[in-house]
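What follows is a single structure, written as structure tokens, with notes after it.
The values are calculated or read from the model by the stated rules, or taken from the named source; none is laboratory data. Bear in mind the structure is a predicted one, so any value in this text is a computation, not a measurement. Quick reminder, even Gly has a Cβ in these numbers, built from the backbone with ideal geometry, and neighbours come from all protein chains shown. The accessibility values were calculated without ligands, DNA or RNA, using every heavy atom of the protein model including side chains. Shrake-Rupley method; radii C 1.70, N 1.55, O 1.52, S 1.80 Å.
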Amino acid sequence: MADKLDVMKIREDFPILHQEVNGYPLVYFDNGATSQKPRQVIEAITAYYSGYNANIHRGVHTLSQRATSAYESSREEVKTFLNARSTEEIIFTKGTTEGINLIAQTWGRHYLKTGDEIVVTAMEHHANIVPWQMICEESGAVLKVIPMDQNGELILEEAQKLIGPRTRMVAAIHVSNALGTINPVEELIAMAQKVGAMTLIDGAQAVPHFKVDVKKLDCDFYVFSAHKLLGPTGMGVLYGKLSNLEQIPPYQGGGDMIRSVSFSKTTYNDPPLKFEAGTPNIEGAISMAEGIRYWNSLDHAQVAAHEQDLLQYATERLKATGDYRIIGEAQNKVAVVSFLLNGAHPYDVGFILDKHGIAVRTGHHCAEPVMQFFEVPGTIRASFSFYNTRAEIDKMMDALAVTKRMLA
Amino acid sequence: MSIAFKEAEIIEEFEMLDNWQDRFQIVIDTGETLPPMPEERMVDQNIIHGCQNKVYLSSDLNGEVLHFYGHSEAQIPRGLLTLLIRLVDGEKPEDIVQASLDVFEKAGIKDNLSMQRAVGLESMIKRVKLEAAKYVKN
Ligand SMILES: Cc1ncc(COP(=O)(O)O)c(C=O)c1O
């Protein structure tokens, strides 16, 4: 048994899991939207506010120095987590969305010209579509989309055709939030590098499930949100190669991002502070690092085995009856199942599951083009974490059987 | 039949049931009785915003009274919409505007709507009142 993840012990670290919802023990299968937080993360926030709350980078007093050093050591933690070369490559943001907007608004606004091309995939989250559309409208650049097949896998031959001399940026989702597909981003990055294009990888759904090494990937930018990785909301990371970060203009103006200011001339700070104007989310950074430490304390081989077991079990059970249609059956998937109950609107299913204390996401998952591709109004998405169990999947299947009867 | 009378009828129907499952079964089954909405009425301007799935509502003045058409893809919102339409269909605009339309609270359905905001029940009620208000001169 020593080689198996001790899920029951892990669950003790997550206070929120031990409650009833609508008279049933909570089954939380909406980890793709946001993960729950271990008490270590919750305690880190309390410890900061009750022990050393102060503004950072500006005071000589002891509390300010403690807060500054905790904030900056969080950067160190993230650097190690992503295997970046230095902490200068780690920019703190308020999430994945802001990271992508930052690059679109700084790099994009500075470098894009009419006729330039941005390449995304058919399974992007809106956060990796709309910021590019906005900058395309402004600059005259054009958005191109790598198509996928019915399994929810990218068609790489098409990517090969699309990524060409006009391509300036390939911005791709690492793991699809709607389908669970793990994309071969290494190959997309290689294609982009061949034509001298930049690369940005949306890792929001990747980092909660497996080890990401930005040096090995060799992408130019990598973004994720802390709240999907055991950490707080309003906090995220933009990784960028230092050589790029030095080239691109700053994002917002204000305190912390400057070296000196006068009314005639202002000089900017070096990365990462150049991109972090104003008082940042200090407790966010500190508790994000605590979430990463928690993640690091787990045996990742055990986590992967457990999550794949949940995925396989849920898939088998859904397929056993013929009542469900699974959307997204890629070879390489994280523990996410998107499905439909035949003849039922996902919304009704989500409603009745909630009545059974089961939290799933229903709707388009901020990926409307994916729903359009599969010609469905939305799906029911069960996204698992390492703290979920087979017994919880059984509860979902029981509740689905009731749902089926009610909606028949 | 007045709105108040129809309201009492609906409340009576629901009061007999003591669990959410039976109540929602009635809501779902009621939705099946909603007449199909004519295709030409299913246009963007008739979409009720604030619902997670697409819900349509439109109305016609028929002599002195209003006639309502509605559609929803999902069954639970469709059932709620059907109950609401049952309440106001064939009524005078000024009566609809003045009605409290809080039958869902009284019938104990709203208590069960933990996803009330998502269901868009408030948006449906507001839209019905707005439709009626179009015909009320002041
Ligand atoms: C793949 C992906 N990209 C981007 C986002 C947006 O993340 P956030 O809302 O934390 O900025 C999400 C979250 O739903 C996501 O799943």
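With springs only between Cα atoms under 10 Å apart, run a GNM on chain A and tell me which of A:Lys94, A:Lys265, A:Lys228 wobbles the most.
Fluctuation is largest for A:Lys265.
Can you list the lysines whose alpha carbon sits under 22 Å from that of A:Lys94, skipping same-chain ones fewer than 8 residues off?
A:Lys37, A:Lys79, A:Lys211, A:Lys228, A:Lys241, A:Lys274
Comparing the chain by itself with all protein chains present, which residues of the stretch B:62-88 are at least 30 Å² less accessible (probe 1.4 Å)?
B:Glu73, B:Ala74, B:Gln75, B:Ile76
Out of the DSSP beta bridges found with both residues in chain A, what percent are antiparallel (nearest 5)? Please list the in-between numbers first.
Working: 28 of 47 bridges.
Looking only at bridges with both residues in chain A, the antiparallel portion is about 60 percent.
Going 7 Å from the Cα of B:Lys126 toward and past its Cβ, which residues in the stretch B:34-73 have a backbone nitrogen under 16 Å from where you end up?
Only B:46-53, B:55-57 fall inside the zone, counting backbone N under 16 Å.
Which whole-number value in Å² is the accessible area per residue of the protein assembly as shown, probe 1.4 Å?
On a per-residue basis, 43 Å².
How large is the charge dipole for the protein assembly as shown, taken about the Cα centre, if only the Cβ atoms of Lys, Arg (+1) and Asp, Glu (-1) carry charge, to the nearest 20 debye?
Computed about the Cα centre, the dipole is about 1480 debye.
Could you give the size of the charge dipole of the stretch A:43-296 about its Cα centre, using +1 on the Cβ of each K and R and -1 on the Cβ of each D and E, expressed in debye and rounded to the nearest 20?
For the stretch A:43-296, the charge dipole is close to 580 debye.
Please report, as a whole percent, how much of the solvent-accessible surface of the stretch B:3-133 comes from carbon and sulfur atoms (probe radius 1.4 Å).
Carbon-and-sulfur percentage of accessible area, whole number: 47.
My understanding is that a pair violates if its Cα-Cα distance is over 18 Å; which of B:Lys6/B:Lys134; B:Lys92/B:Lys137; A:Lys113/A:Lys144 do that in this structure?
B:Lys6/B:Lys134
Select from the stretch B:12-37 all residues whose loss of accessible area on going from the chain by itself to the full protein assembly reaches 30 Å² or more (probe 1.4 Å).
B:Trp20, B:Gln21, B:Gln25, B:Ile28
Given an 8 Å cut-off on Cα distances and at least 6 residues of separation, report the relative contact order of the stretch B:3-133 as a percent. Walk me through the numbers on the way to the answer.
Details: 175 pairs, mean separation 40.2, N = 131.
With pairs under 8 Å counted, the relative contact order is 31 percent.
Are there residues in the stretch A:347-363 whose accessible area shrinks by at least 50 Å² when all protein chains are included rather than the chain by itself, and which are they (probe 1.4 Å, ligands and nucleic acids not counted)?
By number: A:Tyr347, A:Asp348, A:Phe351, A:Lys355.
What are the residues whose amide H is under 5 Å from the amide H of A:Met198, where those residues sit 5 or more places off or on another chain and H is modelled from the backbone?
Excluding prolines and chain starts, which carry no amide H, the hits are A:Met169, A:Val170.
Among A:Ile173, A:Gly152, B:Asn46, whose Cα lies farthest out toward the positive end of the dipole of the protein assembly as shown, if unit charges sit on the beta carbon of Lys, Arg (+1) and Asp, Glu (-1)?
After comparing all options, I get A:Ile173.
For B:Glu91, list long-range residues whose amide hydrogen, built 1.01 Å from N in the peptide plane, is under 5 Å from its own amide hydrogen.
B:Leu66
How many angstrom lie between the C-alpha centres of the stretch A:216-267 and the stretch A:30-99?
Their Cα centres are 14 Å away from one another.
Excluding residues fewer than 8 places away in the same chain, name every one of the aspartates and glutamates whose C-alpha is closer than 17 Å to that of A:Lys161.
A:Asp116, A:Glu117, A:Asp149, A:Glu153, A:Glu186, A:Glu187
Cα-Cα pairs above 18 Å in chain B: how many percent? All intermediate terms of the calculation are to be shown ahead of the outcome.
Working: 4972 of 9453 pairs.
Result: 53 percent of Cα pairs exceed 18 Å.
Put +1 on the Cβ of every Lys and Arg and -1 on every Asp and Glu Cβ in the protein assembly as shown; which of B:Phe5, A:Gln331, B:Ile85 then has its Cα farthest towards the positive end of the dipole?
Most positive-ward Cα: A:Gln331.
Using protein heavy atoms only (no ligands, DNA or RNA), what is the total accessible area buried between A and B, 1.4 Å probe, nearest 100 Å²?
Buried: approximately 1500 Å² between B and A.
Seen from all sides and averaged, what is the projected area of the convex hull of the Cα atoms in chain A, in nm²?
Working: hull surface 86.3 nm².
It is 21.6 nm².
If I take every Cα pair under 8 Å that is 6 or more residues apart in chain A, average their sequence separation and divide by the length, what percent do I get for the relative contact order?
22 percent
I need the phi-derived Karplus couplings for the stretch B:22-29: 6.51 cos²θ - 1.76 cosθ + 1.60, θ = phi - 60°, integer Hz, Gly and Pro marked x.
5, 4, 6, 4, 5, 4, 4, 5
Using a Gaussian network for chain A with springs between C-alpha atoms less than 10 Å apart, which of these wobbles most: A:Phe14, A:Phe386, A:Phe221?
A:Phe14
Which of B:Val97, B:Val27, B:Val43 moves the most in a Gaussian network model of chain B with Cα springs under 10 Å?
With Cα springs under 10 Å in chain B, the top fluctuation among B:Val97, B:Val27, B:Val43 is at B:Val43.
With point charges of +1 on the Cβ of Lys and Arg and -1 on the Cβ of Asp and Glu, referenced to the Cα centre of chain A, which listed residue (A:Ile352, A:Phe224, A:Val119) lies farthest in the positive direction of the dipole?
A:Phe224
Take B:Ala8 and A:Ala359, extend 7 Å from each Cα along the Cα→Cβ direction, and tell me the distance between the two endpoints in nm.
According to this spin-label approximation, the distance is 4.4 nm.
Report, by chain and number, residues whose modeled amide H sits under 5 Å from the one on A:Val142, excluding near sequence neighbours (fewer than 5 apart, same chain).
Under 5 Å from the amide H of A:Val142: A:Gly115, A:Asp116, A:Glu117, A:Ile118.
Mind listing the phi-derived Karplus ³J(HN,Hα) values for the stretch A:18-29, rounded to whole Hz, using 6.51, -1.76 and 1.60 with θ = phi - 60°, and x for any glycine or proline?
Each residue of the stretch A:18-29 in turn: 9, 8, 9, 10, 6, x, 10, x, 4, 10, 9, 10 Hz.
Whole-Hz ³J(HN,Hα) for each residue in the stretch B:39-49, computed from phi via Karplus 6.51 cos²θ - 1.76 cosθ + 1.60 with θ = phi - 60°, x for glycine and proline: what do you get?
Running phi through 6.51 cos²θ - 1.76 cosθ + 1.60 with θ = phi - 60° gives 3, 5, 8, 7, 10, 3, 5, 9, 6, 8, 7 Hz.
Remind me, relative contact order of the stretch A:1-144 in percent, using alpha carbon pairs under 8 angstrom and six or more residues apart?
Working: 106 pairs, mean separation 18.2, N = 144.
It comes to 13 percent, rounded to a whole number.
Hydropathy at least -1.0 by Kyte-Doolittle, axial extent at least 27 angstrom from the Cα trace: which helices of chain A, defined as entire DSSP H runs, fit?
Qualifying helices: A:62-82, A:300-321.
Dipole magnitude of chain B about its Cα centre, charges +1 at Lys/Arg Cβ and -1 at Asp/Glu Cβ only, in debye to the nearest 20?
The calculated dipole for chain B is roughly 520 debye.
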